[in-house]
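The values are calculated or read from the model by the stated rules, or taken from the named source; none is laboratory data. All values reported here derive from a predicted model rather than from experimental measurement. Here Cβ is always computed from backbone atoms with ideal geometry, including for glycine, and neighbour counts include all displayed protein chains. Ligands, DNA and RNA are excluded from the accessible area calculation, which covers all protein heavy atoms including side chains. Shrake-Rupley method; radii C 1.70, N 1.55, O 1.52, S 1.80 Å.
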Amino acid sequence: MAIQRMDNVAIVVDDLDAAVAFFTELGMELEGRAEIEGPWADQTVGLEGVVTEIAMMRIPDAPGRLELSVYRHPAVITPEPWPIPSNTLGLHRVMFAVDDIDDTLARLRPHGAEVLGEVAQYENIYRLCYLRGPAGIILALAEELG
């Protein structure tokens, strides 16, 4: 028995429209939105009375997806401290390869993106940075040099 593929990474947000706009500006496309509820949803996530809306984002011509979810019920839980630092246990970050890191940051800043440190260069191979996006999500951007 083997893994067939990784389908998506799911991220809970507090403003679905803002998160869709952010990831659209990054270069992803909205594949679809849907309301999710019912016994099968409760059983899958291990909560009762789940009512959520999801937006499935995809990178054009690439595999994998990002599922953005906003919970209507039960209420979202905000971890402490907030926003969580980069060394918090659990999902650390999602990294995207980009053509131009400076242009990408300029386009994302009006959507609330904040660089956590600064854009750094790893040898003559990559320019890299961590940034905080919607709902405190930590993203990494990597621009391959040369």
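Just to be sure I understand the curve: with the Debye formula and one point per C-alpha of the chain, what is log10 I(q)/I(0) at q = 0.12 Å⁻¹?
The computed values of log10 I(q)/I(0) come out as -0.56.
Count the DSSP beta bridges whose two residues both fall in the chain, then state the antiparallel fraction as a percent rounded to the nearest 5.
On the way: 28 of 37 bridges.
Percent antiparallel among DSSP bridges in the chain is about 75.
About its Cα centre, how strong a charge dipole does the chain have in debye, to the nearest 20, once Lys and Arg get +1 and Asp and Glu get -1 at the Cβ?
On the way: 10 positive and 24 negative charges, 47 e Å.
Charge dipole, the chain, about its Cα centre: 220 debye, nearest 20.
Could you please put ILE11, ILE125 in sequence from largest to smallest accessible area, using a 1.4 Å probe? Working shown, then result.
On the way: ILE11 20, ILE125 70 Å².
Sorted by accessible area, descending: ILE125, ILE11.
Check each of the GluC sites (Glu not before Pro) in region 80-146 and keep only those in coil by DSSP with at most 15 other C-beta atoms within 10 angstrom; list them in order.
Values: sites: GLU114, GLU118, GLU123, GLU143, GLU144; in loops: GLU118, GLU123.
Hits after loop and neighbour filter: GLU118, GLU123.
With a probe of 1.4 Å, find how much accessible area the chain has per residue, and write the answer as a whole number in Å². Write out the running numbers ahead of the final one.
Values: 9260 Å² over 146 residues.
Counting only protein heavy atoms, the per-residue value for the chain is 63 Å².
In whole Å, what is the distance between the alpha-carbon centres of region 23-47 and region 58-76?
Result: 5 Å between the Cα centres.
Multiply the residue gap between GLU80 and ASP17 by 0.36 nm, knock off their C-alpha separation, and tell me the result in nm, one decimal place. Don't skip to the end; give the middle numbers.
Numbers: separation 63, 0.36 × 63 = 22.68 nm, distance 2.46 nm.
Length gained, GLU80 through ASP17: 20.2 nm.
Rounded to a whole number, what % of the accessible area of the chain do carbon and sulfur atoms account for, probe 1.4 Å? All intermediate terms of the calculation are to be shown ahead of the outcome.
Numbers: 4890 of 9260 Å².
Of the solvent-accessible surface of the chain, carbon and sulfur hold 53 percent.
How high is the relative contact order of region 1-125? Use alpha-carbon pairs under 8 Å, at least six apart in sequence, and give a whole percent. Can you show the working numbers first?
Values: 143 pairs, mean separation 31.7, N = 125.
For region 1-125, the relative contact order is 25 percent.
Can you pull out the GluC sites (Glu not before Pro) in region 1-96 that DSSP calls coil and that have at most 11 other Cβ atoms within 10 Å?
On the way: sites: GLU25, GLU29, GLU31, GLU35, GLU37, GLU48, GLU53, GLU67; in loops: GLU48.
Qualifying residues, ordered by number: GLU48.
Using the Karplus curve 6.51 cos²θ - 1.76 cosθ + 1.60 with θ = phi - 60°, what ³J(HN,Hα) values do you get for each residue of region 17-22, in whole Hz, with x for Gly and Pro?
Result, rounded to whole Hz: 4, 5, 5, 4, 4, 4.
Name the residue farthest towards the positive end of the dipole of the chain from the options HIS73, ASN124, LEU91, assuming +1 on Cβ of Lys and Arg, -1 on Cβ of Asp and Glu, about the Cα centre.
In the chain, that residue is LEU91.
Wrap a convex hull around the Cα atoms of region 1-62, take a quarter of its surface area, and give that in square nanometres. Before the final figure, lay out the partial values.
Details: hull surface 22.8 nm².
The directionally averaged projection comes out at 5.7 nm².
Grab the eigenvalues of the alpha-carbon gyration tensor for region 60-146, scale each by 5, take roots, and send me the semi-axes largest first in whole angstrom.
Values: eigenvalues 133, 51, 32 Å².
For region 60-146, the semi-axes come out at 26, 16, 13 Å.
I need to check one value: relative contact order of region 95-146, counting alpha carbon pairs closer than 8 Å and at least 6 residues apart, in percent.
Values: 91 pairs, mean separation 21.4, N = 52.
It comes to 41 percent, rounded to a whole number.
How about region 1-69: which trypsin sites (Lys or Arg not before Pro) there lie in a loop by DSSP and see at most 16 other Cβ atoms within 10 Å? It would help to have the intermediate numbers written out before the result.
Details: sites: ARG5, ARG33, ARG58, ARG65; in loops: ARG5.
Answer by residue number: ARG5.
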